[in-house]
Protein chains: 2
Amino acid sequence: MPVYKAPVDEVTFLLRDVFHLDRYNNLPGFAEATPDVVEAVLGEAAKFSEAVLMPLNRLGDQEGCRRNPDGSVTTPRGFKDAYKKLVEGGWIGVSAPAEFGGQGLPVVINQAVSEFFCSANMAFGMYAALTQGAAAAIAVHGPPEQKKLYLPKLVSGQWTGTMNLTEPQCGTDLGLVRTRAAAQSDGSYKITGTKIFISAGEHDLAENIVHLVLARIDGAPAGTRGLSLFIVPKFLPAADGSVAARNAVSCGSIEEKMGIHGNATCVMNYDGATGWLVAEPNRGLQAMFTMMNEARLGVGVQGLAMSEVAYQNAAAYAKERLAGRALTGAKFPEKPADPIVVHPDVRRMLMSMRAFNEAARALAVWTALKSDIAHRSAEAKEKQAAEDHLGLLTPVIKGVLTDQGFANAVLAQQIYGGHGYIAEHGIEQFVRDARITMLYEGTNGVQALDLVGRKLPKDGGRALQAFFAEVTAYAKERGADTAMTPYVKPLSQSLGDLQQATMWFLQNALGNPDNAGAGATDYMHLFGLVALGYMWCLIAEAAKSKAGAGGDGAADRMSQRLATGRFFIERMLPATATHLARIKAGAASTMALPAEAF
Amino acid sequence: MPVYKAPVDEVTFLLRDVFHLDRYNNLPGFAEATPDVVEAVLGEAAKFSEAVLMPLNRLGDQEGCRRNPDGSVTTPRGFKDAYKKLVEGGWIGVSAPAEFGGQGLPVVINQAVSEFFCSANMAFGMYAALTQGAAAAIAVHGPPEQKKLYLPKLVSGQWTGTMNLTEPQCGTDLGLVRTRAAAQSDGSYKITGTKIFISAGEHDLAENIVHLVLARIDGAPAGTRGLSLFIVPKFLPAADGSVAARNAVSCGSIEEKMGIHGNATCVMNYDGATGWLVAEPNRGLQAMFTMMNEARLGVGVQGLAMSEVAYQNAAAYAKERLAGRALTGAKFPEKPADPIVVHPDVRRMLMSMRAFNEAARALAVWTALKSDIAHRSAEAKEKQAAEDHLGLLTPVIKGVLTDQGFANAVLAQQIYGGHGYIAEHGIEQFVRDARITMLYEGTNGVQALDLVGRKLPKDGGRALQAFFAEVTAYAKERGADTAMTPYVKPLSQSLGDLQQATMWFLQNALGNPDNAGAGATDYMHLFGLVALGYMWCLIAEAAKSKAGAGGDGAADRMSQRLATGRFFIERMLPATATHLARIKAGAASTMALPAEAF
């Protein structure tokens, strides 16, 4: 059976020593996030993940969700009870506004909680995450009466939420959406169409399901400029907030899929279902993007979460499984063989995962703090800078953390040898579950195009310049510190690769946009490596300042961080050169063949 | 439903234009492999793969194998009939000696046939491949009466074969094998123990199953030096070759696993089963290695096979699925959107797979020809050089073709977007099936160690020096041809990286073997890139000489090969630099943490 221990100490170290949470006490909700409160929240989230969610993970995979003849969906055994506990713990509202029943804590705390939940049980964690996303969209775009009616239910988890974008003929290209909305005299709309791949579209966990649906009002323009966002509840709510009549929306089938079997992926049929506009007509895509951007960061964190739990299991296996002897001589001569953790190639795999996980978590924390600033700061300039960061880093976090999160699940499986292929160890489930993160909320290719095609040029490149300026200033300032040189110097070199790549796009993509498209994925990964390298510099600096301090192995942990950072810098960061070489190769050979040659 | 068209033209081009099969006519069996014969064999294999095996692939995954209460195993519907056709077609004996009923054709032909079978249905193909492996081990090591009794049955496919190495406590480290063999007065042995992960261990396809089993004769030394290889048939054969009494070997259970569900992965219980020695006592490992080395090459080809079929399906999907518009302007303005094949990032993925597949197939063909020389040449020097090549390239082909084959299945899945995660498209099955190739027949980490720890230093580095000499001489000779410069110059640079890495091991691994272990996987991939780059040079040269010649689009195919080679050289080969950087980083940061820190 797989194991999991939530990395509370890691999160605490990042919040306290690397990003200095207390410096943000001017923002609403932060003063309340005292070290004691944070410790309590993370500790409880860890307990819930380890004791309630993890034990259900494999069962959820095996049983999956079942659609009954009446269209209702039964979740795996134990999910209902776990969901009840999730609601009782107030976990969906950790960072939701207090006026709607939330705890109002910083987003960065909620993100750590989400990571724990997803590591322990990704399919289950999605029910909560989608509800938070729906609440966020309504909170930003919905009219006051919608907020009053829906937000308390979503924030508590009494009702859950979904996102309905994809249709059989369109996913990425939402301009092709065919679902129609017909205006009614009472201000409501009748929604008709078919949506597919709707996670948590139907289930037995909550009394109501609030679908946010992209549809086209009759007569609206073609393409994305004619899309509106609707709220379509499974049960129509009465004025007092109780559930009334069943709406004309139903689950037509559940997809048979590679993983996340514990989450029902539904085909949803809208047969003249009653819905209400969220946001202005024809402004649906913008409103949906509020939800989607949060979701993309969340999916990046899922990638990290899968990498973390896969790593933990592989590490445990590597310390237990006996095979061969250390190349430098037997480490446990009294045993029939040494544990495989002695082998350098096994170490390489473990260290690769660990060096990624620790920096990826830092990147997620850093960016969540920017999200908090963007949402809560009263200062326009600080707010704008935070929004710039968010826009720029969201595709990087989504794309890189999920590509690497999946790759790491595969690496963890590799450490098990043939046993990794067998279901009972649970590691192959992590691989199957992690695979979806590279696909949903926009494939990673779409993230790369968003980064290169939209985020780089936005506002004259302001966000990118700010990122370059921050890292450059950091490197200049710390470059003189010889203790930091082994970290900072390679970072500067890789930053140089990223700047060269950017310059190459500037010079070559205007004339031929295919040159940007062909290099987009490499650019995203190059950017990710630089960002993760920067995180390692920050971590190393904090760890150095704490080295030798603290009992209970805390000093050991600091020196381990320094060594892990060295591994990242020496072994992983150099890949920026290859990404740069690929980008500079341009689109010529990529686009050389006629389409029919494939 | 997935599609597959066997790449007969690709194989023919390699055999005829790149490797000049007719130059080998001095070897037994080659003169018979006339272009007509090869065309007929490949054509029939293609038909069998496309019409019989492919249609069973998804069904086999869904149904899987079922163990019945009596210990018998039922294969998926249709497998039995397909196996009957396999036997009727004589497919197991394509390159087996004529004296035992085989066709005696070159191994290189059989390998192409195996690729087609595995692309179409990997789980099914394994039944044939394991039977060929068992036959090879008996042919090389068995006493004459064993050959006479077993080989005709295995070569025809009337009986199938298995390899029994792994036990619960040992996989890679076979020194820990506990299965015992007790000598009987009649020269036979009683075999007792438990073997796990036995592919095709029990099934309903053939009348008998011939298990080759590693066990320790009572009183034999501990470790691998005390292992002997036994032949343990499911049914004891009568002198006339008919099956007689049931032997005391049975399938205890079938593993629930990630993929290859159509192949029964069995726990085999040996309860005093009757067996006979193959090869000398305590020389079992050497004999098993005959089987294993062939199997490793075969598994490398499985990696290619999965990459090929995944590519073909992704290419078909990319030409069909509509989303967005080409960055350079709509290509199909009359359609609601362009097919996604117009997008550079989709092209990048398709080209990456294709550029790998074509060179990987060349590498496999090149090496299979060396296998033919090693087995069939009468000239000692030529034979030795071929054996050197085989030993050196086997771990590279196994490790690189399966790592990349899996990565390409994942890439193909990515092209489908969310649809790639849904079972009905069949693409996620390729990912799950391909995953095993990195694990079985020695994990890829074990391949890397075999390459670096055994194959490099063997015979004073003779094999490696021969490889370097060949590529260096080639580059020198062709370097002056300006048409070849874009291919040859980067190859020389990457060869330089490989030579530097080798030198670094020489200088740093003697003092600390962990420096070799920590760089082994990167070395294997660096080697693979150079070998594939060399293949692209050979392909490009052949394609250039044929450019403009031939009708029916043959000239187009040649120019497409040149462009695909350019893609490999510009986009994939540069990764050698990163591998070199990692190797040179040494073991320090990899091994820095104490084991308990993981």
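Under a Cβ-only charge scheme (Lys and Arg +1, Asp and Glu -1), can you give me the dipole magnitude of the stretch A:382-528 about the Cα centre, in debye to the nearest 20? Can you show the working numbers first?
Values: 11 positive and 16 negative charges, 41 e Å.
It comes to approximately 200 debye.
List, shortest first and in nm to one decimal, how far the label point of A:F468 (7 Å from Cα along Cα→Cβ) is from its counterparts in the other copies.
The projected label point of A:F468 is separated from its counterparts by 4.2 nm.
How much of the DSSP beta bridge set in chain B is antiparallel, as a percent to the nearest 5?
Details: 34 of 42 bridges.
Bridges in chain B are about 80 percent antiparallel.
Tell me which residues come under 5 Å, amide H to amide H, from A:K331 once H is placed; ignore anything under 5 positions away on its chain.
A:A326
Do any residues of the stretch B:556-571 show a loss of at least 10 square angstrom of accessible area between the isolated chain and the full protein assembly, using a 1.4 Å probe, and if so which?
B:Q560, B:A563, B:F567, B:E570, B:R571
Can you give the three extents of the C-alpha atoms in the stretch B:306-381 along their principal axes, from longest to shortest, in whole Å?
65, 20, 15
Starting from 0.36 nm per residue, how many nanometres of slack lie between B:L236 and B:D204 once their C-alpha separation is accounted for?
Details: separation 32, 0.36 × 32 = 11.52 nm, distance 1.69 nm.
9.8 nm is the gain from fully extending B:L236 to B:D204.
Take the solvent-accessible surface of the protein heavy atoms, probe 1.4 Å, and return the percent of it on the protein assembly as shown that carbon and sulfur atoms account for.
Working: 22460 of 41060 Å².
Solvent-exposed carbon and sulfur of the protein assembly as shown make up 55 percent of the total.
At A:P69, label 7 Å along Cα→Cβ: distances to the other copies, nm, ascending?
For A:P69, the other copies' label points sit at 2.9 nm, shortest first.
What lysines sit close enough to A:K370 to cross-link, taking a C-alpha to C-alpha distance under 19 Å and skipping anything fewer than 8 places away on the same chain?
Cα-Cα hits under 19 Å: A:K381, A:K383, A:K398, A:K455, A:K458.
If you add up the charges near A:G329, with Lys and Arg at +1 and Asp and Glu at -1, over every other residue whose beta carbon is less than 12 angstrom from its beta carbon, what do you get? The partial results should precede the final answer.
Working: positive: A:R325, A:K331; negative: A:D338, B:D514.
Local charge sum for A:G329: 0.
Under a 1.4 Å probe, what is the accessible area of the protein assembly as shown per residue, stated in Å²?
On the way: 41060 Å² over 1196 residues.
I get 34 Å² per residue for the protein assembly as shown.
Provide the packing ranking of A:83-92, A:65-74, B:102-111, i.e. peptides ordered by the mean count of other C-beta atoms within 10 Å per residue, highest first. Mind showing how you got there, number by number?
Details: A:83-92: 18.2, A:65-74: 14.0, B:102-111: 24.2.
Highest mean packing first, the order is B:102-111, A:83-92, A:65-74.
Compute the separation of the alpha-carbon centres of the stretch A:113-185 and the stretch B:403-420 and state it in Å as a whole number.
Distance between centres, Cα-based: 28 Å.
Over 33 Å apart: what share of the alpha carbon pairs of chain B falls there, rounded to a whole percent?
On the way: 80310 of 178503 pairs.
Tail of P(r) above 33 Å: 45 percent of Cα pairs.
Where Rh denotes the Kirkwood radius from the mean inverse Cα pair distance, what is Rg over Rh for the protein assembly as shown?
Details: Rg = 30.3 Å, Rh = 31.3 Å.
Radius of gyration over Kirkwood radius for the protein assembly as shown works out to 0.97.
Run the numbers on chain B and let me know its relative contact order in percent, using alpha-carbon pairs under 8 Å that are six or more apart. List each step's numbers first, then the result.
On the way: 1079 pairs, mean separation 73.7, N = 598.
Across chain B, relative contact order equals 12 percent.
Tell me the mean residue ellipticity at 222 nm calculated for the protein assembly as shown from its helices only (DSSP H runs of n ≥ 4, each -39500 (n - 2.57), averaged over every residue, nearest 500). Numbers along the way, then the final one.
Values: 34 runs with 618 residues, N = 1196.
So the helix-based figure for the protein assembly as shown works out to -17500 deg cm²/dmol.
Below 13 angstrom from the Cβ of A:D450, what's the summed charge of the other residues (Lys, Arg +1; Asp, Glu -1)? Don't jump to the answer; show the numbers that get you there.
On the way: positive: A:R296, A:K398, A:R454, A:K455, A:K458; negative: A:E441, B:D345.
Summing Lys/Arg as +1 and Asp/Glu as -1 gives +3.
Of the listed peptides B:179-191, A:410-422, what is their order by residue-averaged count of other C-beta atoms within 10 Å, with the highest listed first?
Numbers: B:179-191: 16.5, A:410-422: 23.4.
For the peptides B:179-191, A:410-422, the packing ranking is A:410-422, B:179-191.
7 Å from Cα along Cα→Cβ at both B:K476 and A:D459: what's the point-to-point distance in nm?
6.0
With heavy atoms of protein chains only and a 1.4 Å probe, what residues of the stretch B:499-535 have at least 20 Å² less accessible area in the full set of chains than alone?
In the stretch B:499-535, residues shielded by partner chains: B:P513, B:D514, B:G517, B:A518, B:T521.
Based on the Cα atoms of the stretch B:160-283, what semi-axes does the equivalent ellipsoid have, where each is the square root of 5 times one gyration tensor eigenvalue, given in whole Å with the largest first? Each step should come with its number before you reach the end.
Numbers: eigenvalues 97, 80, 22 Å².
Taking √(5λ) for each Cα gyration eigenvalue gives 22, 20, 10 Å.
By average Cβ neighbour count within 10 Å, what is the ranking of A:339-350, B:208-219 from highest down? Display every interim value, and only then the final one.
Values: A:339-350: 24.9, B:208-219: 22.6.
Packing order, densest peptide first, comes out as A:339-350, B:208-219.
Starting from the 7 Å offset along Cα-to-Cβ, what nm value, one decimal, do you get for the label separation of A:D70 and B:A248?
The modelled label-to-label distance comes out at 5.8 nm.
Taking a probe of 1.4 Å and counting only protein heavy atoms, give the total accessible area buried between chains A and B in Å², rounded to the nearest 100. Walk me through the numbers before you get to the answer.
On the way: alone 24360 and 24330 Å², together 41060 Å².
Buried area (both sides, nearest 100 Å²): 7600 Å².
Using just the Cα positions, wrap the stretch B:253-318 in a convex hull and report its mean projected area in square nanometres, one decimal place. Can you show the working numbers first?
Details: hull surface 27.9 nm².
Quarter of the Cα hull surface area: 7.0 nm².
Select the chain B residue whose beta carbon lies nearest to the rotation axis carrying chain B onto chain A, and write the distance in whole Å.
Nearest residue, distance rounded to whole Å: B:T578, 2.
Checking the cross-link filter: which lysines have an alpha carbon closer than 21 Å to that of A:K234, excluding same-chain neighbours under 8 positions apart?
Counting by Cα, and skipping residues close in sequence, A:K234 has these lysines nearby: A:K80, A:K84, A:K147, A:K148, A:K153, A:K190, A:K195.
Kindly give the distances from B:S492 to its copy-mates, label point to label point, with each label point 7 Å from Cα along Cα→Cβ, as nm values to one decimal ordered shortest first.
In ascending order, 3.4 nm.
Sum up the charges of everything whose Cβ sits under 14 Å from the Cβ of B:K47, counting Lys and Arg as +1 and Asp and Glu as -1, but leave B:K47 out.
So the surrounding residues net to -2.
When Rg is the radius of gyration of the Cα atoms in the stretch B:8-144 and Rh is its Kirkwood radius, what does Rg/Rh come to?
Values: Rg = 16.6 Å, Rh = 16.2 Å.
Here Rg/Rh amounts to 1.02.
Could you work out, residue by residue across B:143-149, how many beta carbons of other chains sit within 10 Å of that residue's beta carbon, and then give the average as an integer? If you can, show how the numbers build up before the last one.
Numbers: counts 0, 0, 0, 0, 0, 0, 0.
So the per-residue partner count for this stretch is 0.
Taking a ≥ b ≥ c as the square roots of the eigenvalues of the Cα gyration tensor of the stretch A:289-584, is the shape rounded (a/c under 1.5), prolate (a/b larger than b/c) or oblate? Spell out each step's value before the answer.
Numbers: a/c = 1.82, a/b = 1.49, b/c = 1.22.
It is prolate, given that a/c is not under 1.5 and a/b is the larger ratio.
The values are calculated or read from the model by the stated rules, or taken from the named source; none is laboratory data. All of these numbers come straight from a predicted model, not from anything done at the bench. Cβ atoms come from the backbone with ideal geometry, glycine included; neighbour counts cover every protein chain shown. Surface accessibility is based on the protein's heavy atoms, side chains included, excluding ligands, DNA and RNA. Shrake-Rupley method; radii C 1.70, N 1.55, O 1.52, S 1.80 Å.
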